[in-house]
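Scroll down for the structure; my scribbles are underneath it.
The values are calculated or read from the model by the stated rules, or taken from the named source; none is laboratory data. Fair warning: this is a prediction, and the values are worked out from it, not measured in the lab. Note that each Cβ is placed from the backbone with ideal geometry, even for glycine, and that neighbours are counted across all protein chains shown.
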Amino acid sequence: MQNLSLRQWAFTGWAATLMLAACHNENKNYAAHDAIIKNIDSAVKPGDDFFQYAEGGWLKKNPIPAAYSSWGIGNVVKEELRDQLKKINEDALKANAAKGSNTQKIGDFYYTGMDSARIEKQGLQPLQPELARIDQINNIAGLLDEFAHLATIGVTTPIGTYVGQDSKNSSKQLLQLWQTGIGLPNRDYYFNNDELSTNVRNDYQQKHLPIFLKLGGASEADAKLATSKIYALEKFLADSSRKLEDLRNPYTNYHKMPVADLSKLTPEINWKDLFDKMGYKGVDTVIVGQPEYYRAVSKALKTYSLADWKQYLRKNLLNEASPYLSKPFADEEFRFNGTILSGRKEQLPRWKRVLDAENNLMGEVLGQLFVKEYFPEKTKERYVKLVEEMRTAFKERIAKLDWMTEPTKQKAYKKLSTINPKVGYPDKWKDFSELEISRDAYVLNVFRAANFWHKRNAAKLGKPVDRTEWEMTPQTYNAYYNPSNNEIVLPAAQFMIPGAKDEDVDDAVVYGYAAASTIGHEMTHGFDDTGRQFDADGNLKAWWTPQDSVKFTQHAQVLINQFNNFKVHGLNVNGKATQGENIADLGGIVIGLDAFKKTEQYKEGKAINGFTPLQRFFLGYALGWLGQQRKENLMNQVLTNEHAPGFLRVNGPFANVPEFYEAFHIKPGDKMYLAPDKRARIW
Ligand SMILES: [Zn+2]
C-alpha cells in the first residue's frame, strides 16, 4: 500500500523463544545479560562509523547464510519462530480437522506445499485451465475480460486496482487505480545504466523470459521472439510510469473522477464492464493515481498486437505461479529473483518456503496463536504507556519549535493528540471463513487465497471504514503509520530483542530500540513530507500556514542533501524518495531522547558495562538496524525502496543529534562529524 510508511525493509516474521523487552527498571543485573555489548567492534571509532562500531562484532560473527540476501535481527526473530510454526502445521496436518476450520486450512495448505513428489508429477497441469483461457482470447474485449479474471487471482496485469480510503474524505472507501504492469521491480530498471540495472535487464531478456516461456511449452525460436515483444510492451509501460520520488506527493497522485471521464481519457477500455467482472459493484467514481499511465495503457491496447498481449499475460501467469510449481519453474524463479536481483546463493528448504507463503496468505490465523503465547496483556500495557510518554515528549518538542507559528502548532497538537495507537495485535481478528483451502494442488491454494483477499477488498466498496483493521500481522518485525486513519500500528514482534529477557533490558536500550526507532518514528510519520499534509481526521487538507510549510521544506532539504551524498556500491541514495523515512528516523531519535531524559536511569547516570545511559540509548537505537545485506540486495533497495539502507538510518540521523556528539565525544576530524550549522533539525 502506498499509504503505509514501513519502518523496515526486509524483516517479517515470528519470534518464539524470544523474550520481551521491558520499559521498567527494577533492580536487575543488566550487566550480565547485556543485549548490546556483545555486538560492539571496539576497533572502530564511534565517530567514524557508528554503525560498524555498534554492530561490527555481531556482523563478523554472523555472516549472511547462503539462502539469504540479508541477515539481521529480524531474521533471527523469524528463524526462531518458524520452528514453532512448523510444529503447529505438522499438528494441523495430522489433526483431521473439520472442513472449513482454520486448522484444516493450515494443515491442507502445508500438505499440498510439502508434497513435492505430487507437485513434480502435476507439472503444468493445475495451470492448464488458466493457460487455455489466455489462448482463447480473440479480441480486445476478451483481453480486458482476462485482465479482470487474472486480477481476481493475484496475477499482474496493466490494471492495478484496490479499494481504499479517499485521501480527501477518509470516511469513504473508493476504487483506486495505481500504475503497475511491469515485470522488473521498478521502472528505472528498464532505463538506468548502473551495474545492477544493466545486469538485471540483460538477464531478464536473454535468460529469464525465454526460460519461462520454454518451460510453458514454447519452442526456442518462439520464446525468443515472444521475449522481445513482451519486453517492448513492458518498456513502454515503464516509460509511462512515474519514478519512486514522484509517487510521494499525495496531491499530484490524486485524481478523483467520474468513470465517464476516465473512459474519455482511455477510449480503448470499457471500465464499467471491467469493474463488474473484477467484482467491484456500482462504481461511478474512481481515484486515479497516475492518469498518464492509464492513457498509455489504453494506447498500448491498440499499438501492441493481441498475440503480444497474450504472451505477456502467459508470462505473468507463469511468473506468479512459479514458486508453487515443479522444480524447473521454482528453480528459475529463484535464479532470477533470488540470485540475480538479491545475491542469494541457495534456496531456502521447502518447509520454510511453504511456511513463508502460508504466513503471507493467512498470517492472522497464525498470529492469534503467536500472541497468546508471546505477548501477554501486561506487556501490551507497558508499550501503550510508552506510546503516551512519546506523545507527551513530542508535544513538548513542538511547543519549543522556533520555526513553527502558533496557529500551525495548535493544529499539530490536535493531530498528535488524536493519533490512534494500535499496539501488539488487533482487537478483532480477520474472518477467514470464506477462504477455501483443499488438497488438490498447491498453486491452486495460492490462487484461491489471492482470490479471497481480492474479494475481501472489493467488498469494502461503499461500506463504512473498519478502523480496527490491521495491515500487518502481529508476528511481523515491522510497523507503520496510516495517514487516513491517523494511526500508528505496532506489531508485537517489533518489540522483541532476540535472546534478551524482559527484565534484563534497561530503559536506555528500550527507549532507543522501541520508543525512538519504532514508536517515535511512526508518530513523526504523521508529520513527515507526506504525512503532514493529512489533518487530524486523516484528510488531505492544507492545515499549515504557507510560511510554516516553506520552513518545513527548507529544514527537510538539509536532510535530503545529506542523503543524496551517501553512496552505496557506486549508487547515490535517493534523498528525495527517502526523506519521509529519514525525517521520521531523526524525529524518533530526538523525541525518544526527551522521553528518556525523564527516566530514573538517565537522571542517575550510572554506567552499565562501561556505557553511560546516553551511550546505551544510541546503542539501543542501532540495535534495531543490526544486520547486513548482499551487494545486489543493497543496490536493489537503493533503486526501489523509500527506506535508505539500515546502516545509513543509524549514521545518517545520528550525525545531526547534539547528544550523540556529547555521548561519544565526537570531534571535528571524525568522519561522521558535521559542523553545527550543517546539521538538520526538524523537530
Ligand atoms: Zn517509516
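Residues in region 159-216 that are in contact with a helix residue (DSSP H, G or I) (Cβ under 6 Å, 6 or more places away or on another chain), over 23 Å from E268 (Cβ atoms) and in a loop (DSSP other than H, G, I, E, B): P185, N186, G216. Restrict the check to region 18-33 and report whether at least one residue is out of contact with any strand residue (DSSP E or B) (no Cβ under 6 Å at 6 or more places or on another chain), within 16 Å of the ligand (Cβ to nearest atom) and modelled with pLDDT under 90. No, the conditions are met nowhere in region 18-33. One residue alone among Y477, Y442 is touching a Ser or Thr at 6+ places or on another chain (Cβ under 8 Å) and away from the ligand (no atom under 16 Å from the Cβ), and that residue is Y442. Just one of (1) within 18 Å of W309 (Cα to Cα); (2) part of a loop (DSSP other than H, G, I, E, B); (3) under 25 Å from the mean Cα position of the chain (by Cα) fails for N138. It is (3). Restricting the first member to region 40-65 and to residues that are touching a residue at least 40 places away in the same chain (Cβ under 8 Å), and the second to residues that are basic (K, R) and crowded, with 20+ Cβ neighbours inside 10 Å, the beta-carbon pairs closer than 9 Å and six or more apart or on different chains are F51/R649; I64/R344.
It is to be established whether one or more residues within region 119-126 are surrounded by 20 or more Cβ atoms within 10 Å (Cβ to Cβ), among the hydrophobic types (A, V, I, L, M, F, W, C) and at pLDDT 95 or above. Yes: one or more hits. Taken over region 430-445, the residue count meeting the criterion of being surrounded by 13 or more Cβ atoms within 10 Å (Cβ to Cβ) and either at positive phi or under 30 Å from the mean Cα position of the chain (by Cα) (or both) is 11. Pairs meeting the criteria (first residue in region 403-418 and closer than 15 Å to K541 by Cα and of a type outside the set (A, V, I, L, M), second residue in a helix (DSSP H, G or I) and at pLDDT 95 or above, beta carbons under 8 Å, at least 6 apart or on different chains) are T408/D548. Please tell me if D535 is surrounded by fewer than 23 Cβ atoms within 10 Å (Cβ to Cβ) and either modelled with pLDDT of 95 or more or more than 16 Å from the ligand (Cβ to nearest atom) (or both). Yes, satisfied. Of all residues in region 343-358, those that are within 24 Å of E195 (Cα to Cα) have Cβ atoms under 6 Å from Cβ atoms of residues that are among the hydrophobic types (A, V, I, L, M, F, W, C) and surrounded by fewer than 19 Cβ atoms within 10 Å (Cβ to Cβ), 6 or more apart or on another chain, in K345/A66; E346/A66; E346/A67.
The residue that is nearest to E642 (Cα to Cα), among those in region 574-609 that are without any contact (Cβ under 8 Å) to a residue 60 or more places away in the chain and more than 16 Å from the ligand (Cβ to nearest atom), is K597.
Counting only residues that are surrounded by 15 or more Cβ atoms within 10 Å (Cβ to Cβ) and part of a loop (DSSP other than H, G, I, E, B), region 236-267 holds 8 of them.
Quick check: anything in region 5-14 modelled with pLDDT under 90 and away from the ligand (no atom under 16 Å from the Cβ)?
Yes: one or more hits.
Once region 392-422 is narrowed to residues that are charged (D, E, K, R) and farther than 18 Å from H525 by Cβ, the residue that is surrounded by the most Cβ atoms within 10 Å (Cβ to Cβ) is K409. Here the condition is being closer than 30 Å to E434 by Cβ and assigned to a loop (DSSP other than H, G, I, E, B); of K281, K352, K345, it holds for K281 alone.
The residue list A515, A492 contains one member that is within 16 Å of the ligand (Cβ to nearest atom) and small (G, A, S), which is A515. Name every residue in region 336-351 that is of a type outside the set (A, V, I, L, M) and crowded, with 17+ Cβ neighbours inside 10 Å, in order of residue number. Across region 336-351, the qualifying residues are F336, N337, G338, T339, S342, G343, R344, Q347.
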